[in-house]
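Here is the structure we will look at, set down as structure tokens.
The values are calculated or read from the model by the stated rules, or taken from the named source; none is laboratory data. The structure presented is a predicted model; accordingly, all values stated were derived computationally and were not measured. Glycine also receives a Cβ, built like all others from the backbone with ideal geometry; neighbour counts cover every protein chain displayed. Side chains are part of the model used for accessible areas, which takes the heavy atoms of the whole protein and leaves out ligands, DNA and RNA. Shrake-Rupley method; radii C 1.70, N 1.55, O 1.52, S 1.80 Å.
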Amino acid sequence: RSEISIFSPAKLWTVQTKAAGRSEEKKGRIGNANSEMSSKENCRNELRTAIRQLSDRCLHPAAKWAAEQLVGIEQDPAKFTPANTRFQRGSSSIRRRFRTNEIASATPLTPLAGVSYVSTPVMEEDEAVDNDFYLLGKTYFDCREYRRAAHALRDQTAKKSVFLRNYALFLAGEKRKEEESIELTGLGNSEPTNCELITIERELSTLRKNGTIDPFGLYLYGLVLKEKGNQNLARMVLVESVNCYPWNWSAWSELQALCSTPEILNGLNLSNHWMKDFFLASAYQELKMHNESLVKYEYLQGTFSFSNYVQAQIAQVQYSLREFEQVEVIFEELLRNDPYRVEDMDMYSNVLYAKECFSALSYLAHRVFMTDKYRPESCCIIANYYSLKGQHEKAVTYFRRALKLNKNYLTAWTLMGHEYVEMKNTPAAVDAYRRAVDINPRDYRAWYGLGQAYEVMGMPFYALHYFKKSVFLQANDARLWIAMAQCYETEQLQMLEEAIKCYKRAASCGDKEAIALQQLAKLHRELGRFEEAAFYYKKDLERMEAEEREAQNMVEALSFLAEHCREMKRYEEAEVYCARLMDYGGPEKETAKNILRGIRGDTSLPSMDVDHFRP
């Protein structure tokens, strides 16, 4: 008080104003923090209720996904206890390392709170009498006695019972379809179908027309329509389902599978909810819109800071961008937090394979084998291990085992095609790649593999067709442009101008294998365009110097540039290149000395004493 009493009234007012401003700023920060924690608490409450409802309807994959997101939400620091932070320990290091907040903040995204069109997932529950039969049917369902479950619920009319009865029939039909597929293998019969689809469609379409169907019934109806090939109506029905009940990730996943182009995705009439951002992030990733997908996932990390799913999806985006170092760091952290995780580990094995990390891949293969050796991902990881060791027959055996467990396992078909190429079994490779593109026509790796296979068979026109499909799907991959350029260079085609265009695209896409610049220089030299050739030789030389690499390409570039500069009468520049060539022995040194003698004969300028260098 004694210090303030000596201030003038004006100064005292200033001090009080600043103090009040700091107090308001502090209150604002506290208010924002409280609002953020309230938003996260709302998400938790929604997910907790959704998990119970999804589990009650035997939608176990969707319930598992929701539970993983629930524990992935950052806890209120005031409520931290060792029990509720055990699952989150260590995960934030990835977030700190790879976040791009400045990108995410510049992009308008769906708010996480305050705009939910359904605030909490409250569904009408069935009557107690009906519930007794429902419990019986659910018990049979959990024991995978699907037809028995449907029979137990045959006379029940409550929405929950109707859904589970039809869902049980659907899975019974899928089970029979798989059995028929195994029985008819090699007999040349047509692909078996789910014989229950017509019955389920008839009942659910009637309920939808009457307005008595619930969001789960809409999800199943959309799934049936998708299986029958009615994609437009399936999209419409699934949009209705997620708009009414957005917490069913299985419905979002089926909707994503029907969005094959950005135009279809943008045309969906989706209401605002934070689940929409998860959907868009995944859809962008599938449509190769990697930067947009990464921005979405980085934004979601603001709330789901410790979600292993979000981190794994970020790793998948980074994998598509060939940022293998970052992918490896993320998966190492994921395995520390979730040591028995098998999901997505096949992608991690691809990274270890590309980096030729024998010991790490061996350890990963042993780990997943001990965890669950009959998962398709486990078989794929073990196959990658054998492939890296050069044991391609064993690799094919494990890829086939993966496909027995899941015949639509895209990665296994593509990688098995690669193995057949290594084994010089081109027809089998073509068959594997074709199966891959049948499953997912947007898989650029399978189209690229088909191009390679036909190139090996000496059919460049076919190869070119498939290379074009691959670069259309993955236009920022330099390897694909280089493969197409090499196809244009073959004796049958000799379309060098087109090859030059492809090599230019490869160079602009960051050609890490350093092929494009060298080939551009050679092609321009072959076509007599020496100035353009000199330009690309210089760029290639600068790249090799920056990477501190010594290669035969450097000798070739120096020799051409020295000779070219001499012909263009840029003698001083030519002497610089010759001086560098002198550091090499053999014919390169003699070439440099001959050029220097030519320069001395062409001009009276002082030149290097070539006789000083010993032959």
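Contact map, the stretch 579-597: residues that are open to solvent by less than 40 Å² (accessible area, probe 1.4 Å) and part of a helix (DSSP H, G or I) paired with residues that are of a type in the set (D, E, K, R) and at pLDDT below 75, Cβ distance under 6 Å, separation 6+ or inter-chain. Pairs shown: L581/E588.
Going through (1) surrounded by fewer than 19 Cβ atoms within 10 Å (Cβ to Cβ); (2) under 20 Å from K226 (Cβ atoms) one by one, L255 falls short only on (1). Would the stretch 375-393 turn up any residue that is closer than 30 Å to C259 by Cα, buried (at least 17 other Cβ atoms within 10 Å of the Cβ) and acidic (D, E)? Yes, that holds for at least one residue.
Applying the condition of being more than 25 Å from K228 (Cα to Cα) and touching a helix residue (DSSP H, G or I) at 6+ places or on another chain (Cβ under 7 Å) to the stretch 258-274 and asking which residue is surrounded by the fewest Cβ atoms within 10 Å (Cβ to Cβ) yields S271.
Screening I200, I213 for residues that are at pLDDT 90 or above, within 22 Å of A257 (Cβ to Cβ), of a type in the set (V, I, T) and open to solvent by 20 Å² or more (accessible area, probe 1.4 Å) leaves exactly one candidate, I213.
Scanning the stretch 539-571 for residues that are among the basic types (K, R) and closer than 16 Å to Y503 by Cβ, we see that the one that is farthest from the chain's Cα centre (by Cα) is K539.
Inspect all residues belonging to the stretch 580-591 and state whether any of them is within 22 Å of E531 (Cα to Cα) and at pLDDT 75 or above. Within the stretch 580-591 (the criterion being within 22 Å of E531 (Cα to Cα) and at pLDDT 75 or above), the answer is yes, since at least one residue qualifies.
To keep it simple, each residue is scored yes or no on (1) of a type outside the set (F, W, Y); (2) over 14 Å from the mean Cα position of the chain (by Cα); (3) assigned to a helix (DSSP H, G or I).
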position	(1), (2), (3)
L225	yes, yes, yes
M236	yes, yes, yes
W247	no, yes, no
L268	yes, yes, no
A283	yes, no, yes
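Only a single item in (1) out of contact with any Lys or Arg (no Cβ under 7 Å at 6 or more places or on another chain); (2) surrounded by 16 or more Cβ atoms within 10 Å (Cβ to Cβ) is not met by W481, and it is number (1).
Here E323, E343, E332, E298 are screened, and the one residue that is farther than 24 Å from R479 by Cα, without any contact (Cβ under 8 Å) to a residue 24 or more places away in the chain and either of a type in the set (D, E, K, R) or surrounded by fewer than 24 Cβ atoms within 10 Å (Cβ to Cβ) (or both) is E332.
Here's a check for you: in the stretch 430-456, which residue that is within 26 Å of S260 (Cα to Cα) and of a type in the set (A, V, I, L, M, F, W, C) is most open to solvent (accessible area, probe 1.4 Å)?
Let us first name the residues in the stretch 430-456 that are within 26 Å of S260 (Cα to Cα), namely 430-452.
Add one more test, that the residue is of a type in the set (A, V, I, L, M, F, W, C), and what stays is 430, 432, 436-437, 439, 446-447, 450.
Working: V430: 16, A432: 1, A436: 0, V437: 15, I439: 61, A446: 0, W447: 34, L450: 0 Å².
The qualifying residue most open to solvent (accessible area, probe 1.4 Å) is I439.
Cβ-Cβ below 7 Å, separation at least six or inter-chain, first residue in the stretch 359-379 and in contact (Cβ under 8 Å) with a residue 12 or more places away in the chain and of a type in the set (K, R), second outside any helix (DSSP H, G or I) and surrounded by 16 or more Cβ atoms within 10 Å (Cβ to Cβ): which pairs? Listed by first residue and then by second, the contacts come to R375/V342.
All conditions in (1) open to solvent by 10 Å² or more (accessible area, probe 1.4 Å); (2) more than 13 Å from the chain's Cα centre (by Cα) hold for K288, with the sole exception of (2). The set of residues from the stretch 350-398 being β-branched (V, I, T) and touching a Ser or Thr at 6+ places or on another chain (Cβ under 6 Å) comprises V368, I381.
Consider the stretch 410-429 and keep the residues that are farther than 18 Å from N440 by Cβ, of a type outside the set (S, T, Y) and assigned to a helix (DSSP H, G or I). The one that is farthest from the chain's Cα centre (by Cα) is P427. The set of residues in the stretch 346-359 being part of a helix (DSSP H, G or I) and surrounded by 16 or more Cβ atoms within 10 Å (Cβ to Cβ) consists of D346, M347, Y348, S349, N350, V351, L352, Y353. Criterion applied to K539, K501 was being assigned to a helix (DSSP H, G or I) and out of contact with any helix residue (DSSP H, G or I) (no Cβ under 7 Å at 6 or more places or on another chain), and the one residue passing it is K501. Restricting attention to the stretch 508-530, and to residues there that are more than 36 Å from the chain's Cα centre (by Cα) and in contact (Cβ under 8 Å) with a residue 12 or more places away in the chain, which single residue is most open to solvent (accessible area, probe 1.4 Å)? Once the filter is applied, the top-ranked residue is E526. Scoring K407 on the criteria (1) touching a residue at least 12 places away in the same chain (Cβ under 8 Å); (2) part of a helix (DSSP H, G or I); (3) of a type outside the set (G, A, S) leaves a single failure, condition (2).
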